[in-house]
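First comes the structure, then the notes that go with it.
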Amino acid sequence: MGWDINLKFEIYPHTSGLLQNFLLSLCMKLILLLFLVLIISCSENKNKIFIPDLSNADKVLISYKTGFDSTSKMNVEQIEITDKNEISKIKSIISDTEYPNLFCVYNGQINFYKSDSLLQAFVFNTDPSLRHIAFNLNNKIYSVTLNEQSADKLTAYFKVK
């Protein structure tokens, strides 16, 4: 059993077949164009976040929770970085791609300074299932992605002694 569908498309009953074919072709092209625009716009599902200007930073202080001691006191290690190349590498870790969730669990913090004045503070989580960086800007909290390579760069500062 098959379906036999005969569609007759008449835009204007008194127009020639050539004009009707042209108009039908034009309508189909417009529908296809709208469909493509819809697909392209839906594929851009990651929002970009404005990252504060850190170009003037002359010092970075990274704090990282390394675990607990025998008295259950949390161990936090810190490293201060003043080398411009290293500061640039740390800035590149911060993406502008929005992270869909915001968690309250962080295992480190990055503070950028200019002449000992805090420019911006970021908190981060390097755990594989929670990798992201969060920060407060103009009284709004933002969260951006932290990829595996960037998380490895952060934790590498505390593995090499």
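Just so it is clear, none of the values below were taken in a lab; they were calculated from the coordinates. The structure presented is a predicted model; accordingly, all values stated were derived computationally and were not measured. So basically every Cβ, Gly included, is an ideal-geometry build from the backbone, and we count neighbours across all protein chains shown.
Brief remarks on what is shown
- FRET efficiency for the pair Lys48 and Leu23, taken as 1/(1 + (r/R0)^6) with r the Cβ-Cβ distance and R0 = 45 Å, rounds to 0.65.
- Order of Ile133, Ile90 - criterion: other Cβ atoms within 10 Å of each residue's Cβ, fewest first: Ile90, Ile133
- Scaled radius of gyration (Cα, divided by 2.2 N^0.38 Å) that segment 51-161 gives: 1.04
- Shown for Phe68, Phe135: other C-beta atoms within 10 Å of each C-beta, ranked fewest to most, produce the order Phe68, Phe135.
- Taking every alpha-carbon pair under 8 Å whose residues sit at least 6 apart, segment 78-152 reaches a relative contact order of 28 percent.
- Likely footprinting exposure, Asp83, Asp58, fewest C-beta neighbours within 10 Å first: Asp83, Asp58
- On the beta carbon distance between Lys84 and Lys159, with R0 = 35 Å, the FRET formula returns roughly 0.95.
- Across segment 134-141, computed HN-Hα scalar couplings (Karplus, 6.51 cos²θ - 1.76 cosθ + 1.60, θ = phi - 60°) run 10, 7, 9, 9, 6, 6, 10, 8 Hz from first to last residue, x flagging Gly and Pro.
- Summing +1 for each Lys or Arg and -1 for each Asp or Glu among the other residues whose beta-carbon sits under 10 angstrom from that of Ile51 gives 0.
- Estimated inter-spin distance, Ser55 and Ala121, nm [label 7 Å along Cα→Cβ]: 2.6 nm
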